[in-house]
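These notes are about the structure you will find just below.
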Amino acid sequence: MNVHVLPLDADPGLVTRWEQFVERCPEATFFHRAAWREVLAMTFGHQPHFLYAEDAGAIAGVLPLARQKSVIFGDALLSTPFCVYGGVAAATAAARTALEAAAVELGESLGVDHVEFRNRRPQRDDWVRLTVNCTFRRAIEADPGKNLLAIPRKQRAEVRKGIDRGLVAAAGDDADLCWDLYATSVHRHGTPVYARRYFHDLRRAFGGDCELWFVRRNGEAVASLLNFYFRDEVLPYYAGSSGRGRDGETHPFMYWSLMNHAAARGARIFDFGRSPQGSGGYAFKRNFGFEPEPLAYEYRLIRAKHAPDPDPKSPKYALLVNTWRRLPRFVANTIGPWAARQIG
């Protein structure tokens, strides 16, 4: 079993082989796709180390990695920054073992604090494991009425209010507008914003598998989503809203309308993404009819004595959040991209 690196200037044929493996490997996710190495390098300046195991000339496993030096979480080799899932996707146990060993060896040679795998399910009982975050996934139907009935009564009533008040949802191409709504939301929540170019870079990297979704009231965009598509799944990944509408009905309507649109595109799984236990996002997703699945983020400590604290509800982050909310928008948007690249 040989382990190799997929470089930024890789031969297109090799990239195609990587993508074909990801497409058919049950463990692989949208965040194992090869184009992430370009986004991580070009948008954030993080050095990608995308590894693949080859057996008898065939790819038997992949492991997307990138080094992230953060003033908050330390110097780490992650699979993968800015992604909710990662870790090894392998067809054989031998490929998994080879890639895990290669990652640890690389982390030791780079002198990082730790290696982090963002697994959906537990893999290494001998690594430090944190289960602060949960993902939320369930099936969606081709029939909009069935999708509506699958939403619990209170949130279903909010969807109907959105319909009655004339909310309209549709896909669009305005990445700047999508980013503006996102930037407005994260500022309200006290979170640093990603650079505007990030949304453009994602669109270039993933083409039609990266979609912009807008909700309008009387022609004005009041909310948006940046969505990913992978196999038969849709992943609403970055959400934003102007705050000028009624968010209590806007967001439920937005997600219900996306379910129907995505189902028409062929999606059958709605992946609501990651939320920390006890957070507002966690509660919203549960109230929308989704059950939490704990994520197994696993850490191989190298120089560090303990794993980083990834819980945004931790008291040490409260001051940062409250301070960020008070910053003028132009200041937050100016320094936000530098801060956001530290978080991942």
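The values are calculated or read from the model by the stated rules, or taken from the named source; none is laboratory data. Because the structure is predicted, anything quoted here is derived from the model rather than measured. For neighbour counting, all protein chains shown are included, and Cβ atoms are generated from backbone atoms with ideal geometry for every residue, glycine included. Please note that ligands, DNA and RNA were not included when accessible areas were found on the heavy atoms of the full protein model with its side chains. Shrake-Rupley method; radii C 1.70, N 1.55, O 1.52, S 1.80 Å.
See the values below:
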read-out: Residue list for the stretch 87-138, restricted to those being in contact with a Cys (Cβ under 9 Å, 6 or more places away or on another chain) and within 30 Å of residue 289 (Cβ to Cβ); value: 89, 118
read-out: Test result for residue 31, in a loop (DSSP other than H, G, I, E, B), in contact with a Gly (Cβ under 9 Å, 6 or more places away or on another chain) and either over 25 Å from residue 124 (Cα atoms) or touching a residue at least 40 places away in the same chain (Cβ under 8 Å) (or both); value: no
read-out: In the stretch 29-58, the residues that are open to solvent by 50 Å² or more (accessible area, probe 1.4 Å), of a type outside the set (S, T, N, Q) and under 24 Å from residue 228 (Cβ atoms); value: 38, 42, 45
read-out: Residue within the stretch 222-232 that is modelled with pLDDT under 95 and either in a loop (DSSP other than H, G, I, E, B) or of a type in the set (Asp, Glu) (or both) present; value: no
read-out: In the stretch 1-28, residue surrounded by the most Cβ atoms within 10 Å (Cβ to Cβ) [restricted to those that are aliphatic (A, V, I, L, M) and part of a loop (DSSP other than H, G, I, E, B)]; value: 28
read-out: Among the residues listed as 89, 95, the single one being farther than 21 Å from residue 271 by Cβ, touching a residue at least 60 places away in the same chain (Cβ under 8 Å) and surrounded by 15 or more Cβ atoms within 10 Å (Cβ to Cβ); value: 95
read-out: Test: residue in the stretch 255-270 that is charged (D, E, K, R), out of contact with any Cys (no Cβ under 8 Å at 6 or more places or on another chain) and under 23 Å from residue 165 (Cα atoms); value: no
read-out: Subset of the stretch 119-161 (residues that are modelled with pLDDT under 95 and under 14 Å from residue 258 (Cα atoms)); value: none
read-out: Selection from the stretch 254-311 of residues that are polar (S, T, N, Q) and in contact with a Lys or Arg (Cβ under 9 Å, 6 or more places away or on another chain); value: 275, 277, 279, 287
read-out: Residue in the stretch 105-126 that is farthest from residue 27 (Cα to Cα), counting only those that are open to solvent by 20 Å² or more (accessible area, probe 1.4 Å) and among the hydrophobic types (A, V, I, L, M, F, W, C); value: 110
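Let's see how each residue does on (1) open to solvent by 40 Å² or more (accessible area, probe 1.4 Å); (2) over 30 Å from residue 309 (Cα atoms); (3) touching a residue at least 12 places away in the same chain (Cβ under 8 Å):
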position	(1), (2), (3)
241	no, no, yes
259	no, yes, yes
268	yes, yes, yes
280	yes, no, no
